[in-house]
Amino acid sequence: CDTEDAVDLHGVDGIKNGFITYMTAWLSNIDRLMSMTLASNMAFDSSSYHLIDLGGGKSISTIYLSHVYEFKSITSVDIHPQLLEDGKRNLDEYCRMEGKSLCIDFVCQDIREYLIGEGKYVLFAFNPFEWQVFERFIKNNYEVLKGSDSLLLYANDRCINELLNFSTLLARDEYYNLSVVNF
C-alpha cells in the first residue's frame, strides 16, 4: 500500500483544513464498487458518464478505472502538485507498457473550489479528506448533481451518513466500507 503522510503533503494547516494521508485505493474495491453499481437495478452504461477521481493522487485508481471501463471523459483532481506529477508519470508508464493511449485530464485544485459542468458523472472518492472538505464540494456542485443520475463510488466511506443528506444510497458493503450513491 503506497502512502504519503498528511503532514508531509499538506503541512499542519492542511490537516486542520481536512486533508488526510494519501493512500492508494485497492483496485479490488473499485471492482466491487462497479459490481455494486451494475447490480443496483439502475440502468448504467459507463460510456455515458464523465469520470472524476476526487483526490486522485498518483492516479492509480483513475488509470485503472479508465483501463477497465469506458467513460466520456476522465479527470483526476488533487490539491497536491507532486502527486499529480507522479500520476502523469504513472500514466506514461502504463501507456508505454500496455502500448495504448489514455486521455486523462489532470487538475491541480482544491476540490472545495472545483466546479463540474453539466452532464452525468461517476465520482470516485477514496476518502482522501474529512467531511468538511467533501461537503463543500457537494454543496458547490449540488445543483448540477441532483437529478442528473450522477453516481458517487465511495471507498472507505466513513462519511456516508453525512453524504446521505444529499444523495440516495444504491448499495453498501459494510465489510469493505464501500458505498454507491445516486444524486
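The values are calculated or read from the model by the stated rules, or taken from the named source; none is laboratory data. All values derive from a computational prediction rather than experimental measurement. Here Cβ is always computed from backbone atoms with ideal geometry, including for glycine, and neighbour counts include all displayed protein chains. In case anyone asks, the SASA skips ligands and DNA or RNA and just uses the protein heavy atoms, side chains included. Shrake-Rupley method; radii C 1.70, N 1.55, O 1.52, S 1.80 Å.
A few points about this structure:
- In this structure, the pairs whose alpha-carbon distance is over 28 Å, taken from K88/K120; K100/K139; K100/K146, are K100/K139; K100/K146.
- Relative pair counts by distance (%), Cα atoms of the chain, 5 Å bins: 1, 8, 18, 23, 22, 16, 8, 3, 0
- Extending 7 Å from Cα along the Cβ direction at Q82 and again at Q109 yields two label points whose distance is 2.4 nm.
- Length available on full extension from Y69 to D31: 0.36 nm per residue minus the Cα-Cα distance, which gives 12.7 nm.
- 1.4 Å probe accessible area per residue over the range 59-183, in Å²: 48
- Extension gain (nm, one decimal) between E130 and Y176, 0.36 nm per residue minus Cα-Cα: 14.7 nm
- Helix-only arithmetic for the chain: the sum of -39500 (n - 2.57) across DSSP H runs with n ≥ 4, divided by the residue total, places the mean residue ellipticity at 222 nm at -11500 deg cm²/dmol.
- Inter-label distance, nm, simple model (7 Å from Cα along the C-beta direction), K120/S40: 1.2
- GNM top mover of G56, G99, G87 - the chain, alpha-carbon springs below 10 Å: G99
- Rounded percent of accessible protein surface that carbon and sulfur make up, the chain, 1.4 Å probe: 47
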